[in-house]
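Reading through the C-alpha coordinates given below for one structure.
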Amino acid sequence: MLSLIYLIGSVTFIVGLKMLSNPATARKGNAIAAGGMALAILGTIFLYRHNGQGLHNYGWIITGLVVGGVIGLISARRVKMTAMPEMVSLFNGMGGACAALISVVEFEHMAGTLADIPDVRGQLGIIFAGMIIGAVSFAGSVIAWGKLNGRIRDISFQGQHILNLSVLAVIVLLTIFVTVTLPSATVALFASVLVLSLIYGVFFVLPIGGADMPVVISLLNSFTGVAAACGGFLYNNPVMLTGGILVGSAGTILTILMCKAMNRSLKNVLIGAFGGAKAGGVAKEQGAYKEISLSDTAVVMAYAHKVMIVPGYGLAVAQAQHACHELETLLEGRGVEVRYAIHPVAGRMPGHMNVLLAEADVPYDKLLEMEQANGQFNTTDVVLILGANDVVNPAAKSDPSSPIYGMPILEVENARSVIVNKRSMKPGYAGIENDLFFQPKTSMLFGDAKQVLQQLVAEIVNSL
(Lines give C-alpha, C1' and ligand atoms only; values in the text may rest on other atoms or scores of the structure.)
Protein backbone atom coordinates (compact mmCIF):
# COMPACT_ATOMS: atom_id res chain seq x y z
CA MET A 1 0.00 0.00 0.00
CA LEU A 2 2.81 2.42 0.90
CA SER A 3 4.59 1.67 -2.39
CA LEU A 4 1.38 2.45 -4.25
CA ILE A 5 1.03 5.74 -2.35
CA TYR A 6 4.59 6.67 -3.22
CA LEU A 7 3.92 5.88 -6.87
CA ILE A 8 0.80 8.07 -6.85
CA GLY A 9 2.76 10.85 -5.12
CA SER A 10 5.55 10.68 -7.72
CA VAL A 11 3.03 10.82 -10.57
CA THR A 12 1.27 13.86 -9.04
CA PHE A 13 4.62 15.69 -8.86
CA ILE A 14 5.27 15.05 -12.54
CA VAL A 15 1.72 15.97 -13.59
CA GLY A 16 1.74 19.05 -11.34
CA LEU A 17 5.04 20.27 -12.76
CA LYS A 18 3.74 19.82 -16.29
CA MET A 19 0.65 21.85 -15.45
CA LEU A 20 2.79 24.60 -13.94
CA SER A 21 4.18 25.29 -17.42
CA ASN A 22 0.86 26.88 -18.42
CA PRO A 23 -0.54 29.85 -16.43
CA ALA A 24 -4.11 28.66 -17.02
CA THR A 25 -3.44 25.31 -15.28
CA ALA A 26 -0.71 26.35 -12.84
CA ARG A 27 -2.98 26.74 -9.80
CA LYS A 28 -4.55 23.32 -10.35
CA GLY A 29 -1.11 21.76 -10.94
CA ASN A 30 0.17 23.20 -7.68
CA ALA A 31 -2.85 21.77 -5.83
CA ILE A 32 -2.36 18.32 -7.40
CA ALA A 33 1.31 18.20 -6.44
CA ALA A 34 0.52 19.42 -2.92
CA GLY A 35 -2.14 16.70 -2.61
CA GLY A 36 0.40 14.07 -3.65
CA MET A 37 2.84 15.37 -1.06
CA ALA A 38 0.18 15.27 1.67
CA LEU A 39 -0.71 11.70 0.70
CA ALA A 40 2.95 10.65 0.81
CA ILE A 41 3.44 12.25 4.25
CA LEU A 42 0.36 10.62 5.74
CA GLY A 43 1.27 7.27 4.20
CA THR A 44 4.74 7.44 5.71
CA ILE A 45 3.43 8.36 9.15
CA PHE A 46 0.81 5.66 9.40
CA LEU A 47 1.94 2.85 7.09
CA TYR A 48 5.75 2.83 7.21
CA ARG A 49 7.26 -0.28 8.80
CA HIS A 50 10.91 -1.22 9.45
CA ASN A 51 11.65 -4.56 11.04
CA GLY A 52 7.97 -4.81 11.87
CA GLN A 53 7.87 -1.47 13.68
CA GLY A 54 6.34 1.82 12.62
CA LEU A 55 7.38 5.36 13.44
CA HIS A 56 7.62 6.64 17.01
CA ASN A 57 7.01 10.03 18.63
CA TYR A 58 3.75 10.68 16.80
CA GLY A 59 3.09 13.62 19.10
CA TRP A 60 6.25 15.41 17.98
CA ILE A 61 5.60 14.60 14.32
CA ILE A 62 2.03 15.88 14.34
CA THR A 63 3.01 18.95 16.37
CA GLY A 64 5.77 19.77 13.90
CA LEU A 65 3.41 19.41 10.95
CA VAL A 66 0.75 21.61 12.57
CA VAL A 67 3.15 24.33 13.75
CA GLY A 68 5.01 24.42 10.45
CA GLY A 69 1.79 24.36 8.45
CA VAL A 70 0.26 27.23 10.43
CA ILE A 71 3.41 29.37 10.15
CA GLY A 72 3.63 28.71 6.41
CA LEU A 73 -0.06 29.43 5.82
CA ILE A 74 -0.05 32.69 7.77
CA SER A 75 3.20 33.86 6.17
CA ALA A 76 1.98 33.08 2.65
CA ARG A 77 -1.34 34.86 3.18
CA ARG A 78 0.19 37.97 4.72
CA VAL A 79 3.12 38.43 2.35
CA LYS A 80 2.96 41.40 -0.01
CA MET A 81 3.76 40.87 -3.67
CA THR A 82 6.84 43.06 -3.27
CA ALA A 83 8.14 40.62 -0.65
CA MET A 84 7.31 37.47 -2.62
CA PRO A 85 10.89 36.97 -3.95
CA GLU A 86 12.38 37.09 -0.46
CA MET A 87 9.72 34.70 0.85
CA VAL A 88 10.46 32.26 -1.97
CA SER A 89 14.15 32.53 -1.11
CA LEU A 90 13.48 31.96 2.60
CA PHE A 91 11.20 28.96 2.00
CA ASN A 92 13.81 27.53 -0.34
CA GLY A 93 16.40 27.95 2.41
CA MET A 94 14.19 26.02 4.81
CA GLY A 95 14.15 23.14 2.32
CA GLY A 96 17.94 23.18 2.20
CA ALA A 97 18.14 23.23 6.00
CA CYS A 98 15.77 20.25 6.18
CA ALA A 99 17.91 18.25 3.74
CA ALA A 100 21.07 19.12 5.69
CA LEU A 101 19.46 18.08 8.99
CA ILE A 102 18.46 14.73 7.49
CA SER A 103 22.12 14.10 6.67
CA VAL A 104 23.20 15.18 10.16
CA VAL A 105 20.69 12.82 11.82
CA GLU A 106 21.61 9.89 9.59
CA PHE A 107 25.32 10.47 10.22
CA GLU A 108 24.65 10.46 13.95
CA HIS A 109 22.93 7.08 13.59
CA MET A 110 25.93 5.68 11.71
CA ALA A 111 28.79 7.37 13.56
CA GLY A 112 29.46 4.70 16.16
CA THR A 113 29.22 1.70 13.82
CA LEU A 114 30.85 2.82 10.55
CA ALA A 115 33.06 -0.25 10.32
CA ASP A 116 30.08 -2.61 10.56
CA ILE A 117 27.86 -1.03 7.88
CA PRO A 118 27.82 -2.60 4.38
CA ASP A 119 28.67 -0.13 1.62
CA VAL A 120 29.42 2.46 4.29
CA ARG A 121 31.44 4.66 1.94
CA GLY A 122 28.57 4.95 -0.52
CA GLN A 123 26.12 5.91 2.21
CA LEU A 124 28.62 8.29 3.78
CA GLY A 125 29.18 9.95 0.41
CA ILE A 126 25.45 10.53 -0.01
CA ILE A 127 25.19 11.89 3.54
CA PHE A 128 28.04 14.33 2.92
CA ALA A 129 26.58 15.42 -0.44
CA GLY A 130 23.14 16.08 1.06
CA MET A 131 24.61 17.94 4.02
CA ILE A 132 26.98 20.11 1.97
CA ILE A 133 24.49 21.06 -0.74
CA GLY A 134 21.68 21.60 1.78
CA ALA A 135 23.85 23.76 4.04
CA VAL A 136 25.07 25.88 1.11
CA SER A 137 21.47 26.29 -0.09
CA PHE A 138 20.27 27.27 3.38
CA ALA A 139 23.02 29.79 4.13
CA GLY A 140 22.94 31.23 0.60
CA SER A 141 19.15 31.56 0.61
CA VAL A 142 19.20 33.39 3.94
CA ILE A 143 21.75 35.87 2.54
CA ALA A 144 19.66 36.25 -0.63
CA TRP A 145 16.61 36.91 1.57
CA GLY A 146 18.53 39.61 3.44
CA LYS A 147 19.77 41.23 0.23
CA LEU A 148 16.30 41.26 -1.30
CA ASN A 149 14.71 42.99 1.68
CA GLY A 150 17.60 45.42 2.12
CA ARG A 151 18.95 44.10 5.43
CA ILE A 152 22.20 42.91 3.84
CA ARG A 153 24.20 44.88 1.31
CA ASP A 154 26.54 43.62 -1.39
CA ILE A 155 29.94 42.90 0.19
CA SER A 156 33.00 42.07 -1.87
CA PHE A 157 36.74 42.39 -1.28
CA GLN A 158 39.97 41.67 -3.08
CA GLY A 159 40.58 37.95 -3.41
CA GLN A 160 37.08 36.95 -2.32
CA HIS A 161 36.64 34.46 -5.15
CA ILE A 162 39.98 32.87 -4.34
CA LEU A 163 38.85 32.53 -0.72
CA ASN A 164 35.55 30.96 -1.84
CA LEU A 165 37.30 28.46 -4.08
CA SER A 166 39.76 27.64 -1.28
CA VAL A 167 36.92 26.94 1.18
CA LEU A 168 35.17 24.79 -1.42
CA ALA A 169 38.39 22.86 -2.07
CA VAL A 170 38.84 22.17 1.66
CA ILE A 171 35.23 20.94 1.88
CA VAL A 172 35.73 18.53 -1.03
CA LEU A 173 39.10 17.26 0.24
CA LEU A 174 37.82 16.68 3.78
CA THR A 175 34.78 14.85 2.40
CA ILE A 176 36.95 12.57 0.27
CA PHE A 177 39.35 11.95 3.16
CA VAL A 178 36.60 10.98 5.62
CA THR A 179 34.70 8.87 3.10
CA VAL A 180 37.77 6.92 1.97
CA THR A 181 39.76 6.48 5.20
CA LEU A 182 36.98 6.48 7.87
CA PRO A 183 39.27 8.11 10.48
CA SER A 184 38.60 8.00 14.22
CA ALA A 185 37.92 11.75 14.23
CA THR A 186 35.06 11.35 11.74
CA VAL A 187 32.53 13.22 13.90
CA ALA A 188 34.78 16.26 14.34
CA LEU A 189 35.62 16.32 10.63
CA PHE A 190 31.95 15.98 9.71
CA ALA A 191 31.14 18.96 11.95
CA SER A 192 33.97 20.93 10.33
CA VAL A 193 32.59 20.24 6.86
CA LEU A 194 29.13 21.37 8.01
CA VAL A 195 30.49 24.67 9.38
CA LEU A 196 32.60 25.27 6.27
CA SER A 197 29.59 24.58 4.05
CA LEU A 198 27.55 27.20 5.89
CA ILE A 199 30.42 29.69 5.59
CA TYR A 200 30.77 28.93 1.90
CA GLY A 201 27.03 29.47 1.37
CA VAL A 202 27.31 32.92 2.93
CA PHE A 203 30.36 34.02 0.94
CA PHE A 204 28.99 32.41 -2.21
CA VAL A 205 25.99 34.77 -2.37
CA LEU A 206 27.36 37.82 -0.52
CA PRO A 207 29.15 39.52 -3.45
CA ILE A 208 26.44 38.83 -6.06
CA GLY A 209 24.51 41.96 -6.97
CA GLY A 210 20.78 42.52 -6.85
CA ALA A 211 20.32 42.44 -10.63
CA ASP A 212 21.44 38.80 -10.60
CA MET A 213 19.02 37.70 -7.87
CA PRO A 214 16.64 35.87 -10.27
CA VAL A 215 19.54 33.65 -11.36
CA VAL A 216 20.73 33.09 -7.78
CA ILE A 217 17.25 32.15 -6.54
CA SER A 218 16.88 29.62 -9.39
CA LEU A 219 20.32 28.15 -8.71
CA LEU A 220 19.77 27.81 -4.96
CA ASN A 221 16.39 26.22 -5.69
CA SER A 222 18.12 23.56 -7.79
CA PHE A 223 20.61 22.99 -4.94
CA THR A 224 17.74 22.31 -2.55
CA GLY A 225 16.25 19.80 -4.97
CA VAL A 226 19.54 17.90 -5.29
CA ALA A 227 19.93 17.85 -1.49
CA ALA A 228 16.41 16.46 -1.12
CA ALA A 229 17.18 13.79 -3.72
CA CYS A 230 20.13 12.71 -1.59
CA GLY A 231 17.66 12.15 1.25
CA GLY A 232 15.59 10.01 -1.10
CA PHE A 233 18.65 7.84 -1.77
CA LEU A 234 19.35 7.51 1.97
CA TYR A 235 15.83 6.32 2.80
CA ASN A 236 15.27 4.48 -0.47
CA ASN A 237 12.17 6.66 -0.78
CA PRO A 238 10.97 7.01 -4.40
CA VAL A 239 8.62 9.95 -3.82
CA MET A 240 11.34 11.97 -2.05
CA LEU A 241 13.81 11.07 -4.79
CA THR A 242 11.37 12.00 -7.56
CA GLY A 243 10.50 15.33 -5.94
CA GLY A 244 14.16 16.22 -5.41
CA ILE A 245 15.13 15.34 -8.96
CA LEU A 246 12.24 17.36 -10.41
CA VAL A 247 13.09 20.42 -8.31
CA GLY A 248 16.80 20.10 -9.03
CA SER A 249 16.41 19.66 -12.79
CA ALA A 250 13.70 22.35 -13.12
CA GLY A 251 15.82 24.79 -11.10
CA THR A 252 18.85 24.05 -13.27
CA ILE A 253 16.90 24.56 -16.51
CA LEU A 254 15.42 27.80 -15.17
CA THR A 255 18.89 29.00 -14.15
CA ILE A 256 20.16 28.37 -17.69
CA LEU A 257 17.16 30.22 -19.16
CA MET A 258 17.76 33.19 -16.84
CA CYS A 259 21.41 33.34 -17.87
CA LYS A 260 20.40 33.16 -21.53
CA ALA A 261 17.95 36.02 -21.00
CA MET A 262 20.84 38.10 -19.65
CA ASN A 263 23.29 36.87 -22.32
CA ARG A 264 25.69 35.77 -19.62
CA SER A 265 27.25 32.51 -18.53
CA LEU A 266 26.54 31.06 -15.10
CA LYS A 267 30.24 31.41 -14.29
CA ASN A 268 30.06 35.12 -15.12
CA VAL A 269 27.06 35.56 -12.83
CA LEU A 270 28.76 33.79 -9.93
CA ILE A 271 32.13 35.53 -10.16
CA GLY A 272 31.10 38.81 -11.76
CA ALA A 273 30.04 42.02 -10.06
CA PHE A 274 27.03 42.85 -12.26
CA GLY A 275 24.32 44.41 -10.14
CA GLY A 276 26.71 45.13 -7.29
CA ALA A 277 28.58 48.20 -6.20
CA LYS A 278 30.98 47.97 -9.16
CA ALA A 279 28.33 47.62 -11.81
CA GLY A 280 27.75 51.27 -12.61
CA GLY A 281 30.32 51.41 -15.39
CA VAL A 282 31.82 54.64 -16.66
CA ALA A 283 29.60 57.69 -16.30
CA LYS A 284 28.88 59.53 -19.53
CA GLU A 285 27.24 62.76 -20.53
CA GLN A 286 23.53 62.47 -21.25
CA GLY A 287 21.22 64.95 -22.88
CA ALA A 288 18.21 66.50 -21.20
CA TYR A 289 15.12 64.44 -20.52
CA LYS A 290 11.59 65.75 -21.04
CA GLU A 291 8.56 65.35 -18.79
CA ILE A 292 4.95 64.76 -19.76
CA SER A 293 1.85 65.76 -17.81
CA LEU A 294 -0.96 63.45 -16.74
CA SER A 295 -3.44 65.16 -19.05
CA ASP A 296 -1.14 64.81 -22.06
CA THR A 297 -0.50 61.18 -21.19
CA ALA A 298 -4.24 60.55 -20.99
CA VAL A 299 -4.79 62.06 -24.44
CA VAL A 300 -1.90 60.16 -26.04
CA MET A 301 -3.03 56.81 -24.63
CA ALA A 302 -6.76 57.27 -25.13
CA TYR A 303 -6.35 58.04 -28.85
CA ALA A 304 -3.75 55.37 -29.54
CA HIS A 305 -4.57 52.26 -31.55
CA LYS A 306 -2.14 50.02 -29.70
CA VAL A 307 -0.55 50.37 -26.25
CA MET A 308 2.13 48.12 -24.77
CA ILE A 309 2.66 48.14 -20.99
CA VAL A 310 6.07 47.10 -19.63
CA PRO A 311 5.83 46.21 -15.91
CA GLY A 312 8.85 46.26 -13.61
CA TYR A 313 9.73 46.13 -9.95
CA GLY A 314 8.40 49.67 -9.45
CA LEU A 315 4.92 48.33 -10.23
CA ALA A 316 5.33 45.72 -7.50
CA VAL A 317 6.66 48.23 -4.98
CA ALA A 318 3.66 50.48 -5.51
CA GLN A 319 1.20 47.54 -5.46
CA ALA A 320 -0.18 49.03 -8.65
CA GLN A 321 -1.20 45.87 -10.53
CA HIS A 322 -4.94 46.40 -9.93
CA ALA A 323 -4.79 50.05 -11.03
CA CYS A 324 -2.87 48.92 -14.11
CA HIS A 325 -5.57 46.38 -14.96
CA GLU A 326 -8.20 49.10 -14.48
CA LEU A 327 -6.36 51.32 -16.98
CA GLU A 328 -6.11 48.42 -19.41
CA THR A 329 -9.86 47.74 -19.16
CA LEU A 330 -10.71 51.42 -19.62
CA LEU A 331 -8.51 51.76 -22.73
CA GLU A 332 -9.89 48.59 -24.28
CA GLY A 333 -13.39 49.96 -23.72
CA ARG A 334 -12.36 52.83 -26.00
CA GLY A 335 -11.12 50.41 -28.67
CA VAL A 336 -7.42 50.55 -27.80
CA GLU A 337 -5.48 47.27 -28.10
CA VAL A 338 -3.49 46.72 -24.88
CA ARG A 339 -0.77 44.13 -24.30
CA TYR A 340 1.94 43.55 -21.67
CA ALA A 341 5.61 42.99 -22.55
CA ILE A 342 7.32 40.70 -20.02
CA HIS A 343 11.09 40.39 -19.76
CA PRO A 344 12.30 37.06 -18.28
CA VAL A 345 14.34 38.71 -15.52
CA ALA A 346 12.03 41.63 -14.70
CA GLY A 347 11.48 41.93 -10.96
CA ARG A 348 13.38 40.05 -8.28
CA MET A 349 12.56 36.41 -9.11
CA PRO A 350 11.68 34.37 -12.18
CA GLY A 351 8.09 35.02 -13.23
CA HIS A 352 7.65 37.90 -10.76
CA MET A 353 5.69 40.09 -13.17
CA ASN A 354 3.51 37.18 -14.32
CA VAL A 355 2.53 36.43 -10.72
CA LEU A 356 1.90 40.10 -10.02
CA LEU A 357 -0.43 40.58 -12.99
CA ALA A 358 -2.19 37.26 -12.41
CA GLU A 359 -3.15 38.55 -8.95
CA ALA A 360 -4.98 41.41 -10.71
CA ASP A 361 -6.77 38.96 -13.07
CA VAL A 362 -4.99 40.20 -16.18
CA PRO A 363 -5.80 37.66 -18.96
CA TYR A 364 -2.88 35.36 -19.68
CA ASP A 365 -3.09 35.87 -23.44
CA LYS A 366 -2.26 39.56 -22.98
CA LEU A 367 1.17 38.74 -21.53
CA LEU A 368 3.76 38.67 -24.31
CA GLU A 369 7.19 37.15 -23.85
CA MET A 370 10.20 39.19 -24.90
CA GLU A 371 10.53 37.75 -28.41
CA GLN A 372 6.81 38.22 -29.11
CA ALA A 373 6.79 41.77 -27.75
CA ASN A 374 9.88 42.82 -29.69
CA GLY A 375 8.12 41.79 -32.89
CA GLN A 376 5.22 44.14 -32.13
CA PHE A 377 6.87 47.32 -30.87
CA ASN A 378 7.24 48.76 -34.37
CA THR A 379 3.43 48.71 -34.72
CA THR A 380 2.82 50.11 -31.21
CA ASP A 381 1.73 53.72 -30.74
CA VAL A 382 2.58 54.08 -27.03
CA VAL A 383 4.75 52.07 -24.65
CA LEU A 384 4.04 52.71 -20.97
CA ILE A 385 6.95 51.59 -18.78
CA LEU A 386 6.01 51.10 -15.12
CA GLY A 387 9.10 50.84 -12.94
CA ALA A 388 11.19 48.78 -15.37
CA ASN A 389 14.72 50.01 -15.96
CA ASP A 390 17.59 47.73 -16.94
CA VAL A 391 15.45 45.44 -19.12
CA VAL A 392 14.63 48.36 -21.48
CA ASN A 393 18.07 50.01 -21.54
CA PRO A 394 19.32 50.38 -25.15
CA ALA A 395 22.90 50.45 -23.83
CA ALA A 396 22.68 46.66 -23.81
CA LYS A 397 22.75 46.83 -27.62
CA SER A 398 24.80 49.95 -28.34
CA ASP A 399 27.39 50.47 -25.58
CA PRO A 400 30.18 47.85 -25.37
CA SER A 401 31.44 49.46 -22.15
CA SER A 402 28.13 48.88 -20.35
CA PRO A 403 27.99 45.99 -17.84
CA ILE A 404 24.74 44.83 -19.49
CA TYR A 405 26.09 44.92 -23.05
CA GLY A 406 24.78 41.91 -24.97
CA MET A 407 21.82 41.32 -22.66
CA PRO A 408 18.58 40.82 -24.63
CA ILE A 409 16.17 43.65 -23.83
CA LEU A 410 12.65 44.79 -24.65
CA GLU A 411 13.21 47.02 -27.70
CA VAL A 412 10.72 49.67 -26.66
CA GLU A 413 12.56 52.40 -28.58
CA ASN A 414 11.03 50.97 -31.79
CA ALA A 415 7.58 52.22 -30.77
CA ARG A 416 6.23 55.60 -31.88
CA SER A 417 6.42 57.06 -28.37
CA VAL A 418 7.61 55.88 -24.95
CA ILE A 419 6.32 57.07 -21.58
CA VAL A 420 8.37 56.07 -18.52
CA ASN A 421 6.85 56.16 -15.04
CA LYS A 422 9.46 56.37 -12.28
CA ARG A 423 9.71 57.98 -8.87
CA SER A 424 12.91 59.78 -9.87
CA MET A 425 15.85 59.66 -12.30
CA LYS A 426 17.73 57.36 -9.93
CA PRO A 427 19.33 54.37 -11.74
CA GLY A 428 17.74 50.93 -11.47
CA TYR A 429 18.71 47.96 -9.31
CA ALA A 430 21.86 47.32 -11.36
CA GLY A 431 23.03 50.89 -10.74
CA ILE A 432 23.28 51.68 -14.47
CA GLU A 433 22.14 54.91 -16.16
CA ASN A 434 19.40 54.26 -18.73
CA ASP A 435 20.03 55.78 -22.16
CA LEU A 436 16.36 55.36 -23.04
CA PHE A 437 15.32 58.21 -20.74
CA PHE A 438 17.20 60.76 -22.85
CA GLN A 439 15.97 59.72 -26.30
CA PRO A 440 13.69 62.07 -28.30
CA LYS A 441 10.77 59.60 -28.30
CA THR A 442 10.83 59.20 -24.51
CA SER A 443 8.85 61.25 -21.97
CA MET A 444 9.14 60.92 -18.19
CA LEU A 445 6.06 60.70 -15.98
CA PHE A 446 7.27 60.96 -12.38
CA GLY A 447 5.41 59.66 -9.35
CA ASP A 448 4.29 56.57 -7.49
CA ALA A 449 3.01 54.02 -10.02
CA LYS A 450 -0.27 53.35 -8.22
CA GLN A 451 -1.14 57.01 -7.73
CA VAL A 452 -0.14 57.90 -11.28
CA LEU A 453 -2.26 55.12 -12.76
CA GLN A 454 -5.28 56.02 -10.61
CA GLN A 455 -4.98 59.68 -11.62
CA LEU A 456 -4.54 58.66 -15.24
CA VAL A 457 -7.73 56.61 -15.13
CA ALA A 458 -9.62 59.51 -13.56
CA GLU A 459 -8.22 61.90 -16.17
CA ILE A 460 -9.38 59.68 -19.05
CA VAL A 461 -12.83 59.16 -17.52
CA ASN A 462 -13.44 62.84 -16.70
CA SER A 463 -12.02 64.65 -19.68
CA LEU A 464 -12.40 62.34 -22.68
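The values are calculated or read from the model by the stated rules, or taken from the named source; none is laboratory data. Here the structure is a predicted model, which means the values were calculated and not measured. Using ideal geometry, Cβ is built from the backbone for each residue, glycine included, and neighbour counts are taken over all protein chains shown. Each accessible area value is taken on the protein alone, full model and side chains, heavy atoms only, with ligands, DNA and RNA left out. Shrake-Rupley method; radii C 1.70, N 1.55, O 1.52, S 1.80 Å.
General observations
- Ordering of 83-92, 117-126, 69-78, 304-313 by burial proxy (mean other Cβ atoms within 10 Å per residue, highest first): 304-313, 83-92, 117-126, 69-78
- Cα centroid separation - region 392-453 against region 149-200, whole Å: 41
- Of the solvent-accessible surface of region 168-223, computed with a 1.4 Å probe over protein heavy atoms with every protein chain present, carbon and sulfur atoms account for 85 percent.
- Going by accessible surface with a 1.4 Å probe and the largest first, L39, L20, L331 read L20, L39, L331.
- Under 19 Å of direct C-alpha separation, and excluding same-chain neighbours fewer than eight residues apart, K80 reaches these lysines: K147, K450.
- Straight-distance candidates among the aspartates and glutamates for linking to K290, with alpha-carbon spacing under 15 Å and chain neighbours fewer than 8 residues away dropped: D435.
- Cα-based reach from K306 at 20 Å (exclusive), listing lysines while leaving out same-chain residues under 8 positions away: K366, K441
- Neighbours of V216, meaning other residues whose beta-carbon lies under 13 angstrom from its beta-carbon, give a summed charge of 0 when Lys and Arg score +1 and Asp and Glu score -1.
- Cα gyration tensor shape of region 134-249, rounded if a/c is under 1.5, else prolate or oblate by comparing a/b with b/c: oblate
- In nm, spacing of pseudo-spin labels at S265 and E359 (7 Å Cα→C-beta vector): 3.8
- Shape call, region 173-235: gyration tensor on alpha carbons, a/c limit 1.5: oblate
- Over the chain: helical MRE at 222 nm, DSSP H runs n ≥ 4 each giving -39500 (n - 2.57), nearest 500: -19500 deg cm²/dmol
- Spatial separation of Cα centroids for region 1-77 and region 125-145, in angstrom: 22
- One chain, two ends: V202 and N57. Fully extended at 0.36 nm per residue, the span grows by 48.8 nm beyond their Cα-Cα distance.
- Summed over the residues of the chain and divided among them, the accessible surface reaches 48 Å² per residue at a probe radius of 1.4 Å.
- The Cα atoms of region 366-424 give a gyration tensor whose axes a ≥ b ≥ c have a/c of 1.5 or more with a/b no greater than b/c, which makes the shape oblate.
- Entry note, the chain: relative contact order of 14 percent, from Cα contacts under 8 Å with a spacing of 6+ residues.
- Peptides 434-443, 26-35 ordered by average Cβ neighbours within 10 Å, highest first: 434-443, 26-35
- The stretch between Q454 and S192 holds 88.7 nm of extra length on full extension. This uses 0.36 nm per residue minus the Cα-Cα distance.
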